[in-house]
Amino acid sequence: MASIQRKAIDPKILRFIRDGEAESLSPQEILTWSLKNFQPSIALSCSFGAPEGVAILDMMHRIDPSSRVFVLDTGRIPQATHDLIDRIRERYDKEIEVLAPRAEDVQDLVRTRGMNLFYESIENRQLCCRVRKVEPLKRHLAGLDAWVSGLRREQNVTRANTKKVEIDYIHGGMVKVNPIADWSHEEVLSYVEAHNVPVNRLHAEGYPSVGCEPCSRAVREGEDPRAGRWWWEHPETRECGIHVDEEEGSGI
Ligand code: SF4
């Protein structure tokens, strides 16, 4: 995909980001600032496979019911995730933007490398993620000025340096908002319980993080919560390319 030409970020917003002003703010304060500055050109990326995304969806909806949310439907996500998307849609009376990969790209991928190519090599796994997730996301983000994610620093070594508001150079220098970057897993669970936010039913079956069905498994007690995602790889490679630049091998 050709590189995205973006308009320059407002200097006041740039100063706010560079000075790290968001670091002392609560998630709700950060989301209020973000919606004030970017709505309707801002949207939450929610996988509906982890409590982080739906917690933020609830916060954003309380601040502005017209706030936007999208999900990447790779074609391999489980029925439980589809069920949660509809449950949230009904509960909040909210449109969910469902992004799909290009049919011809998926057809090429499985014709040349097979249906379950991801188990064969890291290269194949990253290629599948690129076709089914990274490219559809890039196309969608090209139409936005800012996006919101549920990244948390303690989730993985690749996420340890996540800022609450940062410039996303992978996607052409847009603004990326990570309002719960400093939250613990327990804080996320407390929020969804306190606000009765619907979550993916697979969490109750031992899946703290639900991605595509063939690339997610339940974790054992005491195991790292993300150990069930691409469990056959080393922790350093366990990213789909949405939040890190695979080619550079670094975060943003
Ligand atoms: S998580 Fe697995 S099935 Fe889903 S896009 Fe990545 S490699 Fe493909």
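The values are calculated or read from the model by the stated rules, or taken from the named source; none is laboratory data. None of these values were measured; they are calculated from a predicted model. No Cβ is skipped: glycine too gets one built from the backbone with ideal geometry, and neighbour counts run over all protein chains shown.
Whether a residue is within 23 Å of Tyr169 (Cα to Cα), in contact with a Ser or Thr (Cβ under 6 Å, 6 or more places away or on another chain) and surrounded by 13 or more Cβ atoms within 10 Å (Cβ to Cβ) was assessed, and Ser34 does not pass this test. Of everything in the stretch 126-135 that is over 30 Å from Pro27 (Cα atoms) and at pLDDT 95 or above, the residue that is nearest to the ligand (Cβ to nearest atom) is Cys128. The strands (runs of 3 or more DSSP E) found entirely in the stretch 14-117 that carry 1 or more residues being within 15 Å of Gly150 (Cβ to Cβ) and either out of contact with any Phe, Trp or Tyr (no Cβ under 7 Å at 6 or more places or on another chain) or touching a residue at least 40 places away in the same chain (Cβ under 8 Å) (or both) are 42-45, 68-72.
Can you work out which of the residues in the stretch 195-225 that are modelled with pLDDT under 90 and either outside any loop (DSSP other than H, G, I, E, B) or buried (at least 20 other Cβ atoms within 10 Å of the Cβ) (or both) is nearest to the ligand (Cβ to nearest atom)? Applying the filter and picking the extreme gives Ser209.
The requirement of being over 14 Å from the mean Cα position of the chain (by Cα) and more than 26 Å from Ser209 (Cα to Cα) is not satisfied by Asp58. For residues in the stretch 47-64 being more than 16 Å from the ligand (Cβ to nearest atom) and among the hydrophobic types (A, V, I, L, M, F, W, C), which is farthest from Ala204 (Cα to Cα)? If we take residues in the stretch 47-64 being more than 16 Å from the ligand (Cβ to nearest atom) and among the hydrophobic types (A, V, I, L, M, F, W, C), then Ile63 is farthest from Ala204 (Cα to Cα). Here Met115 meets each of (1) among the aliphatic types (A, V, I, L, M); (2) at pLDDT 95 or above; (3) touching a Ser or Thr at 6+ places or on another chain (Cβ under 9 Å); (4) surrounded by fewer than 16 Cβ atoms within 10 Å (Cβ to Cβ) with one exception, condition (3). Among the residues making up the stretch 136-176, those that are modelled with pLDDT of 95 or more, within 16 Å of the ligand (Cβ to nearest atom) and buried (at least 17 other Cβ atoms within 10 Å of the Cβ) are Pro136, Leu137, Lys138, His140.
Entry remark, the stretch 143-164: residues being assigned to a loop (DSSP other than H, G, I, E, B) and either closer than 15 Å to Val69 by Cα or aromatic (Phe, Trp, Tyr) (or both) number 5 in total. Considering Ser67, Ser41, the condition of being away from the ligand (no atom under 16 Å from the Cβ), of a type in the set (Gly, Ala, Ser) and closer than 23 Å to Asn196 by Cβ is satisfied by Ser67 alone.
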